[in-house]
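First up is the structure itself, then whatever we jot down about it.
A short reminder: the numbers here are calculations on the coordinates, not readings from a lab. On a predicted model such as this, the values are computed, not experimentally measured, just so you know. Every residue, glycine as well, gets a Cβ built from its backbone with ideal geometry; the counts of neighbours run over all protein chains shown.
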Amino acid sequence: MPALPSPPSWFPGHMRKFTRILPMLLKKTNVVLEIRDTRLPLTSINWELEGALRQWRLERGWDPNRPGCRIHNSVACEHIVVLNKRDLVAEWGMEPFQKAMASKFPDQRLLFASWHRSRDIRNLSELLVNISKQYPHAMEHNVLVVGMPNVGKSTLLNALRNSGIKGPTPKALRTSAQPGLTQALSTRLKISLEPLVYAFDSPGVMLPFLGQGTEGAERGVKLALIAGIKEGLYDMETLAAYLLYRLNVLNPIAPDDTAAPSQAVYPTNDLAEFLTLLARRMGMIKRGAEPDLERAAVHFVRWWREEGGLVSAADGDGGVVCKNRRTMLPGEEMVQGWGFDFEWGLSHEEMASEEYVRTPGVVVQRKMEGCIERFLEMREREEREGGVVSRTQMKKREVERVKARREEKRRERGGRG
């Protein structure tokens, strides 16, 4: 993997404010609709949000010892995770992923969606309406939409409104390709008349700190690649270097010759060599007949965001499944993956097994479960080592501990007096 810069502790003021008011908002919320990017279903998990939702569910009567069971059930309380932009990953991994997540996160409902697929929007709208119908005595139901920046919350909400309200409906929420446009809680948006269901958008909920070391740096670059954080936090050549690394690790289908040089014909891990070839092919030449590597890096990353993922996913790869184009040697593993969060090895014996031949989805599900377990173990390790909080937060906690010790000493002196 290429050397990556340290992740930014980017957490704008409007996001800090939203995190503070989240417990109050949840008191008025019946359904939390969490939008994640399908390409990064693990990296885009927000652990502060998870903690707040766990407390919310307990207060609404969910049994902490038996996921899926409620001790009392007087009001709606559901957490739905929508994996948006489903068309940017290959179809073959969706069902195994859903089953793997259900085994690890049984308290969540999970579905895939893309705002321009009318069936996805109808399914989501029907799910929200059916939840509301289970509580006929409620005057209305409120849906809080959360997710990291630029994941498509406002676009999805507009599509839900158009699906749920018959007749012409104006576009209610502004959308943007730049992360962070929604900077305050939106006014409520009516998405169903009968039953009465409202939804409100929120500013992008970002991880306050991405972690430290190699893992934190990789998470930051992943989010920048999908435009989840502002482009200016990373230079394009850094993003291009990581994207080239991932494409070569997973060995997807060759990019279209009109957009990028064919990886199958000219595979390389050398970024300068790759960008030089791309710049010459695309006519990106500076004065003195020098290839413009900076422009080539921008083109490569934006091609992947706008076209490359779509083209490859439709073909079955999407940068998500590695197909070694040579005969495997005994004891060698083939690398497979799905999105940018999942990667595993398949031995020659596993691929030749009857289980893989007959039910490859079962094997893929098991591999994905292993990836999720390793992700959760890494997160627990970072939490123990203080890696999931920023240095600013660590200093704040230390100041609070010092104040607490001073207060304790003051009380002891008062007691002796």
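Observations, loosely collected:
- Within the same chain, aspartates and glutamates fewer than 8 places from residue 99 are excluded, and of the rest, those with a Cα less than 12 Å from its Cα are 369.
- Hits among aspartates and glutamates - C-alpha to C-alpha of residue 166 under 13 Å, sequence gap 8 or more where chains match: 194
- For region 13-201: relative contact order, % (alpha-carbon pairs under 8 angstrom, 6 or more apart): 24 percent
- Net charge of the neighbourhood of residue 140, taken over other residues with C-beta under 12 Å away and scored Lys/Arg +1, Asp/Glu -1, is +2.
- Under 5 Å, built H, 5+ apart or other chain: amide partners of residue 107: none
- For region 13-201, the square roots of the Cα gyration tensor eigenvalues, ordered a ≥ b ≥ c, give a/c below 1.5, which places it in the rounded category.
- Amide hydrogen neighbours beyond the local backbone of residue 191, cut-off 5 Å, H modeled: 197, 198, 199
- Cβ-based net charge around residue 367, under 14 Å, with every Lys or Arg adding one and every Asp or Glu removing one: -4
- Long pairs among 28/222; 133/190; 27/403, criterion Cα-Cα beyond 24 Å: 28/222; 27/403
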